[in-house]
Number of protein chains: 2
Amino acid sequence: MRTTGDTRARIVTAATELFRRQGYAATGMKQIVAEAGAPYGSVYHFFPAGKAELGEEVIRVSGAAYLRLIADLFPEPGPRADPALATAEAFTAAARTLRELDYADPCPVATIALEVASTDETLRTAAAEVFDSWIDGLAAYYTACGIAEPAARDLATSVIGLLEGAFMLGRTSRSTRPVLAAATAAAAVVRATRTSVTGA
Amino acid sequence: MRTTGDTRARIVTAATELFRRQGYAATGMKQIVAEAGAPYGSVYHFFPAGKAELGEEVIRVSGAAYLRLIADLFPEPGPRADPALATAEAFTAAARTLRELDYADPCPVATIALEVASTDETLRTAAAEVFDSWIDGLAAYYTACGIAEPAARDLATSVIGLLEGAFMLGRTSRSTRPVLAAATAAAAVVRATRTSVTGA
DNA sequence: GTCTATAAAGGGATAGAC
DNA sequence: GTCTATCCCTTTATAGAC
């Protein structure tokens, strides 16, 4: 059993939670190692390039975890699947999560993405690839439901965007209502896209 | 002519632009006064409570400016107004703005809102009131188009959320496509709400 | 590979001359 | 009311003992 892996993982976990709650710039390396219960030097041992390298790791690890979550929420659809209903249910589940987290950021990438979009190309690109992977995953689901490209990808983009925006409004107002309103709206967009593409 | 007002206004303007580009935590007071061409002491003369007081002023001033922008984009509708079309056009205009700003943050409140939502109640509340004012303004427009409350407010909430989320994806990917996809989606939500409420 | 001490820079805030 | 100098603290990052 190597203890090395534990320390590194604890640092990434602590950084993820702090970045979610406080953002990237407001979170210090010392706070991260304190939260992780690790000595200060460890963070530079595992991330020699410093905070930016740790930030990129956080974005990629969280992004992969959320991709798995999307895959769970939108499983391979059967022939009579209702993508609008599945989408609405994912949003109502997200609203529950938001409340359970006491309105801490349910998306670990959103705050960092806005903070660094104009100032750090490496982190911006990492965040862009993560968002893209989510959109790809969701678009594949809609395609499997019979919605052809490129409509499926635009639909997936709008649904992810709507979720991120609803999280922003929900966190700020400390209310689940924006996310619940978005559930209805997202379902309407899915239905409209389906109608216009399949003519059903 | 008082020169006092100029200095204060320049500080607020500089802070607004820096917060948009770099976020709240990453922007220093010294950088703000340098950008404003003001002496360091001025910022504490006009904002004795320091950075948080300045941040609140930025949120409120920007919020009011954007409320006027919404009022311009969604003028008092005539009897044959098409709210879905007007909404889609507002999004395509927003996409143009995003590109013209070279993907700097078109929304001066979004980044700060996410950064402080869980850490500064005063700033969170200010951001919440700003978002609320935008939703109120847009809901009033949809109401004037014949969509009854509370559907109009939920619709306005979803449209604002969709715009904010699309900005996030657009900034991160340095592309207008998420905002253009959101234009189509927003129009679909407006149409669906109208149909379900008015039965038209 | 773990951990501590410290460097070098920049942060917010303040005092006080003018 | 303008402006400068400085305080004190925290930041990121590094050096080097263990």
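The values are calculated or read from the model by the stated rules, or taken from the named source; none is laboratory data. In this text the structure is predicted, and so the values were computed from the model without any measurement. Positions of Cβ are backbone-derived with ideal geometry, glycine not excepted, and every protein chain shown enters the neighbour counts. Please note that ligands, DNA and RNA were not included when accessible areas were found on the heavy atoms of the full protein model with its side chains. Shrake-Rupley method; radii C 1.70, N 1.55, O 1.52, S 1.80 Å.
With label points defined 7 Å past Cα in the direction of Cβ, position A:Ser133 shows copy-to-copy spacings of 4.0 nm, given to one decimal and shortest first. Rolling a 1.4 angstrom probe over the protein heavy atoms with all chains in place gives the stretch B:4-198 an accessible area of 41 Å² per residue. Placing unit charges on the Cβ atoms of the charged side chains and taking the dipole of chain B about its Cα centre, the candidate lying farthest along the positive direction among B:Thr7, B:Ser175, B:Gln22 is B:Ser175.
Of the heavy-atom accessible surface of the protein assembly as shown (probe 1.4 angstrom), what whole percent is carbon and sulfur? Don't jump to the answer; show the numbers that get you there.
On the way: 9380 of 17160 Å².
Answer for the protein assembly as shown is 55 percent, counting heavy atoms of protein chains only.
Dividing the convex hull volume of the alpha-carbon atoms in the stretch A:1-50 by its residue count gives 64 Å³ per residue.
List the relative contact order of chain B as a percent without decimals, with contacts defined as Cα pairs under 8 Å and 6+ residues apart. Could you put the intermediate results ahead of the total?
Values: 218 pairs, mean separation 50.1, N = 200.
Relative contact order for chain B comes out at 25 percent.
Each copy carries B:Gly50; placing its label point 7 Å along the C-beta direction from Cα gives inter-copy distances of 2.4 nm, listed from smallest up.
To the nearest hundred square angstrom, how large is the accessible surface buried between A and B, total for both chains, probe 1.4 angstrom? List each step's numbers first, then the result.
Numbers: alone 10360 and 10370 Å², together 17160 Å².
That pair of chains buries around 3600 Å² in total.
Position A:Leu85: other-copy label points at 3.6 nm, ordered by increasing distance, label point 7 Å along Cα→C-beta. The mean number of partner chain beta-carbon atoms within 10 angstrom of a residue's beta-carbon across peptide A:60-67 is 0. Each part gets one Cα centre, and for the stretch B:162-183 versus the stretch A:1-64 those centres are 29 Å apart. Within the listed set B:Ala104, B:Ala186, B:Ala26, the Gaussian network model of chain B (springs between alpha-carbon atoms below 10 Å) gives the highest mean-square fluctuation for B:Ala26. Basic side chains Lys and Arg get +1 at the Cβ, acidic Asp and Glu get -1 at the Cβ, and with that the dipole of the stretch B:1-143 about its Cα centre reaches some 400 debye.
Hey, got the average number of other protein chain Cβ atoms within 10 angstrom for residues in B:19-27?
Values: counts 0, 2, 4, 7, 12, 4, 7, 8, 1.
Other-chain Cβ atoms within 10 Å of each residue's Cβ, averaged: 5.
Taking each full run of DSSP H in chain A as one helix, which ones are at least 24 Å long along their axis (Cα atoms) and have mean Kyte-Doolittle hydropathy of at least -0.5?
Details: long enough: A:4-22 (27 Å, -0.58); A:51-73 (32 Å, 0.43); A:83-100 (26 Å, 0.18); A:121-144 (34 Å, 0.19); A:151-173 (32 Å, 0.68); A:177-198 (31 Å, 0.74).
Those that clear 24 Å and a mean of -0.5 are A:51-73, A:83-100, A:121-144, A:151-173, A:177-198.
Shielding value for B:104-111 is 3, the average number of Cβ atoms from other chains within 10 Å of each residue's Cβ. A protection proxy built from the mean count of other Cβ atoms within 10 Å ranks the segments A:135-144, A:75-84, most packed first, as A:135-144, A:75-84. Less than 12 Å Cβ to Cβ from A:Ala93, Lys/Arg counted +1 and Asp/Glu -1: what total charge do the surrounding residues give? Value of the local net charge: -1.
Pairs of Cα atoms under 8 Å, at least six residues apart: use those to get the relative contact order of the stretch B:25-129, whole percent. Normalised by residue count, the contact order of the stretch B:25-129 is 27 percent.
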